[in-house]
1. I'd like the full set of residues that are aliphatic (A, V, I, L, M), farther than 17 Å from residue 112 by Cα, in contact with a His (Cβ under 8 Å, 6 or more places away or on another chain) and not in a loop (DSSP other than H, G, I, E, B), limited to the range 140-191.
2. I'm checking my understanding of the structure. Among residues of the range 97-130 that are among the polar types (S, T, N, Q) and either crowded, with 16+ Cβ neighbours inside 10 Å or part of a strand (DSSP E or B) (or both), which one is nearest to the chain's Cα centre (by Cα)?
3. Which residues, taken from the range 112-133, are over 22 Å from residue 181 (Cα atoms) and either free of Cβ contacts under 8 Å to residues at least 60 places away in the same chain or of a type in the set (S, T, N, Q) (or both)?
4. Within the range 68-94, how many residues turn out to be buried (at least 17 other Cβ atoms within 10 Å of the Cβ), modelled with pLDDT of 95 or more and aliphatic (A, V, I, L, M)?
Amino acid sequence: MHGGRLTDALLSGASLPRSERVCSEVQTAVSRAFASPGMRVSAGSPTRAWSRRREERADGSMPRPLGGQGVLEMITNIHTAEHYKWGDVCDGWRLLSRPDLSVIQERIPPGAGEVRHFHSRARQLFFVLDGHLDIELLDEVFRISPGDSLEVPPGNAHRVRNVGDVDVSFIVVSAPSTQGDRTNLEPSRQE
């Protein structure tokens, strides 16, 4: 579903695919946690949709602004976020990209994955939406199922792969961002 249809479906109480429900919940929580009252909006941005929450609640009341000021929310999804390809066939969407925190939704098709690597500063959390994600960490392979997560502390060599027969979709949260903080332990496959 696209942004407007997703919002309409959520407000109407319609059932959504699990991955869209979970992704919507994660995006809402991250948006609320990191929205700053003085944030300026850049008009016409192709990768972000901004809006002030003015929807009426089911009971007819209006949402109260937090902290006595209007709250600006950034509504981002895979249709509006910055997209990139990695490993030739994998997709990533930057739902939140800040120096101190990044939230990325990724998709890995069957048989694909990344090379073993580590981050010196970034702590990561992988949360599976659909499919099964294999994460090699500490000389073990952890199979992560929908609704499960696994934390990778800084300095730990790891790799994610999809050994299943369907796409795997997941959220990876990194604090601070992994940009400029990656050391590959194998030759890169265009990641």
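The values are calculated or read from the model by the stated rules, or taken from the named source; none is laboratory data. Source: prediction; values computed, not measured. Glycine gets a Cβ as well: all are built from the backbone with ideal geometry, and neighbour counts include every protein chain shown.
1. Answer for the range 140-191, where residues must be aliphatic (A, V, I, L, M), farther than 17 Å from residue 112 by Cα, in contact with a His (Cβ under 8 Å, 6 or more places away or on another chain) and not in a loop (DSSP other than H, G, I, E, B): just 152.
2. Ranking the candidates gives 105 first.
3. Listed by number, the residues that qualify are 112, 128, 131, 132, 133.
4. Total meeting the criteria: 0.
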